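All remarks here apply to the structure that follows.
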Amino acid sequence: MKDISQLKEEFLKELKKAKKAEERRKICKKYIEEELSSVFCSIKNLAGEKRTKIGKEANELRRFILEQQKKEKEKRKEGEGWIDVTLPGNDPEMGTIHPLTQLQRRCVDIFSRMGFLAVEGPEMENEWYNFDALNFKEDHPVREMQDTLFVKQKNRESLPAKDKLLMRTQTSPVQVRYMEKRKPPFRIIVPGRVFRNEATDSSHEINFYQLEGLMVGENISVANFKAIINFFFQELFYDDIDFRLRPSFFPFTEPSFEVDISCSICAKKGCSVCKNTGWIEVMGAGMVHPNVLESAKVDSAKFNGFAFGVGLDRFAMIEHKIDDIRLFYGGDLRFLKQF
Ligand SMILES: [Zn+2]
């Protein structure tokens, strides 16, 4: 059996002679797997003190060789980290902001300048906020399966309206959520995604973006509403755009109106976009129904206000002359890179 100190000397000598890292690694491996393991094998034949002494020395040498091996490995890692700075780099591709997000940001900016605060709410709502609090009667057709995406729940029918979940069909529930926790006056806008149970075609999607506005205070009138949206349209379209109010019906407003803007493509002369009327319908609005204010714990005898909602997808389609709403959600880069 070889003397341990002699073995160590031989190891160091061989290591010194080796010029390549590969050789040095092989030497370490050889000493651990061959030389030392044969020492460990023969130790068991020794007796008493000698066995303890040689065992201890052999273990020390093993640790020493393992350390050398570790150093060699570290050197190799450093070598691998070497970068060739002369190689051409990877060109990072720049993305663009989605046209709907761009439009949403512009709208939020315009309303912020008029003192409106942008607030958000949950996309998965309950029936109470989405329908009951907004004065939708129990038998309103929008509550039917074909219009709303309901969330499957066990024993759904026996649950109270506040526990029955659905994908919100409008951003209006956020009005109630906001009002019930605060005291008027309010001036808010609610941008967000809404969901409908639709068969998709070029002008219908199962989800789209709305921007909702609400202003509540003392003695608010339709004149205030007209002033606010007049500023909004002028800023948004950078243009002299006409608009008009037409009577309409929504459960959550009384009186209610549809808002049309003049067709910028044909200058009110009539074209396919405006269906030869010269006007394009872009907004639903009205004075907030007293029942909605009461649902949100606002005193309807003292306060009143207006609310409106626009479909951002529709605005973006008019602005960019896009003829199919599905392009917004298709993820086609050829489409998205144009914005
Ligand atoms: Zn037109």
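Going by the structure shown, is residue 295 of a type outside the set (A, V, I, L, M, F, W, C), open to solvent by 10 Å² or more (accessible area, probe 1.4 Å), away from the ligand (no atom under 16 Å from the Cβ) and closer than 20 Å to residue 173 by Cα? So residue 295 fits the description; yes. Note on region 246-273: residues that are acidic (Asp, Glu), closer than 29 Å to residue 102 by Cβ and away from the ligand (no atom under 15 Å from the Cβ) total 1. The requirement of being without any contact (Cβ under 8 Å) to a residue 24 or more places away in the chain, of a type in the set (Ser, Thr, Tyr), more than 17 Å from residue 192 (Cβ to Cβ) and assigned to a helix (DSSP H, G or I) is fulfilled nowhere in region 73-90; no residue meets it.
Matching residues to (1) open to solvent by 40 Å² or more (accessible area, probe 1.4 Å); (2) away from the ligand (no atom under 16 Å from the Cβ); (3) not in a strand (DSSP E or B):
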site: 230; (1), (2), (3): yes, yes, yes
site: 244; (1), (2), (3): yes, no, no
site: 317; (1), (2), (3): no, no, yes
site: 323; (1), (2), (3): yes, no, yes
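Answer yes or no as to whether residue 275 is at pLDDT below 90, part of a loop (DSSP other than H, G, I, E, B), more than 27 Å from residue 134 (Cα to Cα) and touching a strand residue (DSSP E or B) at 6+ places or on another chain (Cβ under 8 Å). Reasoning before the result, please.
Numbers: at pLDDT below 90: yes; part of a loop (DSSP other than H, G, I, E, B): yes; more than 27 Å from residue 134 (Cα to Cα): yes; touching a strand residue (DSSP E or B) at 6+ places or on another chain (Cβ under 8 Å): no.
Here the answer is no, as residue 275 does not meet what is asked.
Can you say whether residue 143 is among the basic types (Lys, Arg) and open to solvent by 60 Å² or more (accessible area, probe 1.4 Å), as far as the supplied structure shows? It would help to see each step written out before you state the result.
Numbers: among the basic types (Lys, Arg): yes; open to solvent by 60 Å² or more (accessible area, probe 1.4 Å): no.
Answer is no for this residue.
The lone criterion from (1) touching a Phe, Trp or Tyr at 6+ places or on another chain (Cβ under 8 Å); (2) assigned to a helix (DSSP H, G or I); (3) under 30 Å from residue 321 (Cα atoms) left unmet by residue 97 is number (2). Among the residues of region 205-254, those identified as closer than 21 Å to residue 107 by Cβ and acidic (Asp, Glu) are 205, 212, 235, 239, 240, 242.
Evaluating residue 195 against the criteria (1) touching a strand residue (DSSP E or B) at 6+ places or on another chain (Cβ under 8 Å); (2) within 26 Å of residue 232 (Cβ to Cβ); (3) not assigned by TED's automatic domain parsing to the domain that holds residue 235 leaves one unmet condition, (3).
Screening region 278-287 for residues that are touching a helix residue (DSSP H, G or I) at 6+ places or on another chain (Cβ under 8 Å) and modelled with pLDDT of 90 or more and picking the one that is nearest to the ligand (Cβ to nearest atom) gives 283.
The values are calculated or read from the model by the stated rules, or taken from the named source; none is laboratory data. Keep in mind that what you see is a predicted model, and the values were worked out from it rather than measured. Positions of Cβ are generated from backbone atoms using ideal geometry, with glycine treated the same way; all protein chains shown enter the neighbour counts. In case anyone asks, the SASA skips ligands and DNA or RNA and just uses the protein heavy atoms, side chains included. Shrake-Rupley method; radii C 1.70, N 1.55, O 1.52, S 1.80 Å.
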